[in-house]
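K.L.:
Below: one structure in structure tokens.
The values are calculated or read from the model by the stated rules, or taken from the named source; none is laboratory data. The structure presented is a predicted model; accordingly, all values stated were derived computationally and were not measured. Don't worry about glycine lacking a Cβ; one is built from the backbone with ideal geometry, like all the others, and counts go over all protein chains shown.
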Amino acid sequence: MAFAEAQRATSATAYGATIGTTGGASLVATTLLAGSFIDVLRAKARVMSLGPTLLSGLVGNIAIPRQDEPASAYWLDPEGGDTGESEGSFDQVTLIPKTVGARSQYTRQLLMQSTPDIEMLVRNDLAKVLALAIDAACISGTGANGQPTGILNTAGIGSVVLGANGGPLTIDALIELETTLTEANVDEENLAYLTNAKQIGGLKGLKDANGRYLWTQYPGVFGQRTPTPGEINGYPVARSNNVPGNLAKGTGTNLSAAIFGNWSDLIIGEWGAIEILPNPFGAGFNSGSIDIRAFQSVDVKLRHPASFAAITDAT
């Protein structure tokens, strides 16, 4: 009899039923909803959605010729004068592969028992981790320790200063960012702001003299979320917490950056594709664990540093 009861309990548990047991206790089955897997909360990779120039399938190092100074025109003396001579100057934008990597490990038992497929989850996680690392490098890569040089650390970009110890991000500061670029004759087809969630919250609260909000919703399909949640000063604004919010200046701490630029002038070079490879014979071989690692090789450069301007002291 006990065996039959155990069979019925096992069968009912498999279908998520509640089973009465001796002593009035109950056993409630757990149903694994693999299709509703809950991913970790992450920063958002936004740079790629802003329209940078992507060079894929690269093999060797890349050198792109660039003219950085134009020639000059001269009006001639009507009495047979000669034109003056002025030559344009040229240099090169070089891209050299820099590799970002990540590694993880999962056990043999987890692989056998997990639903959904643990290897696919780990692969997806590694791909997202690398995408976020590349996104962050585009924004603030240091150019040292194997990193590309990001926008904020590129010499020659424009700069708008808010205060000795930082200051609030105002509509006047956004206009000054715009003016910095337009005075440098930057192409205007792909201009947009990029900043973090804290500063977006502040921008949404800005009002004009009549109390009307300056922030406007980004025009798009109703109900469809976009990487640019709105517009201000006539330009779209993208939000990513990959934009630094831990900067310091004077006595100011936890200061944020805001970038304005022609994003098509950001060049991202890509050598090959993301490479993800499991290794069952790694350090965890004796315990049955499987190592898995991912690599991707990229570099980041600006066509013209003047195509971007930044604030790095927003409170």
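Here is a yes/no grid of residues against (1) touching a helix residue (DSSP H, G or I) at 6+ places or on another chain (Cβ under 6 Å); (2) in the same structural domain as ALA137 (by TED's automatic domain parsing); (3) aromatic (Phe, Trp, Tyr):
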residue: TRP263; (1), (2), (3): yes, yes, yes
residue: ILE268; (1), (2), (3): no, yes, no
residue: ASN279; (1), (2), (3): no, yes, no
residue: ASN286; (1), (2), (3): no, yes, no
residue: VAL300; (1), (2), (3): yes, yes, no
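K.L.:
What do you reckon, is ILE134 part of a helix (DSSP H, G or I), touching a residue at least 60 places away in the same chain (Cβ under 8 Å) and out of contact with any Phe, Trp or Tyr (no Cβ under 6 Å at 6 or more places or on another chain)?
P.N.:
Judged against the criteria, ILE134 is a match.
K.L.:
Restricting the search to segment 200-248, which residues are at pLDDT 90 or above, farther than 19 Å from THR315 by Cβ and surrounded by fewer than 15 Cβ atoms within 10 Å (Cβ to Cβ)?
P.N.:
Once the filter is applied, which keeps residues that are at pLDDT 90 or above, farther than 19 Å from THR315 by Cβ and surrounded by fewer than 15 Cβ atoms within 10 Å (Cβ to Cβ), segment 200-248 yields ASP208, ALA209, ASN210, GLY211, ARG212, TYR213, THR216, GLY234.
K.L.:
For segment 261-293, which residues satisfy the criterion of being within 30 Å of ARG46 (Cβ to Cβ), crowded, with 16+ Cβ neighbours inside 10 Å and either among the aliphatic types (A, V, I, L, M) or free of Cβ contacts under 8 Å to residues at least 60 places away in the same chain (or both)?
P.N.:
LEU266, ILE267, ILE268, ILE274, ILE276, ILE292
K.L.:
State whether one or more residues within segment 140-147 are touching a residue at least 60 places away in the same chain (Cβ under 8 Å), in a loop (DSSP other than H, G, I, E, B) and among the polar types (S, T, N, Q).
P.N.:
The answer is no; no qualifying residue exists.
K.L.:
Hey, any hits in segment 279-291 for a residue that's farther than 30 Å from GLY202 by Cα, of a type in the set (Val, Ile, Thr) and in contact with a Pro (Cβ under 7 Å, 6 or more places away or on another chain)?
P.N.:
The answer is yes, given that some residue of segment 279-291 is farther than 30 Å from GLY202 by Cα, of a type in the set (Val, Ile, Thr) and in contact with a Pro (Cβ under 7 Å, 6 or more places away or on another chain).
K.L.:
Going by the structure shown, is ALA133 surrounded by fewer than 18 Cβ atoms within 10 Å (Cβ to Cβ), within 27 Å of LEU277 (Cα to Cα) and among the small types (Gly, Ala, Ser)?
P.N.:
So ALA133 does not fit the description; no.
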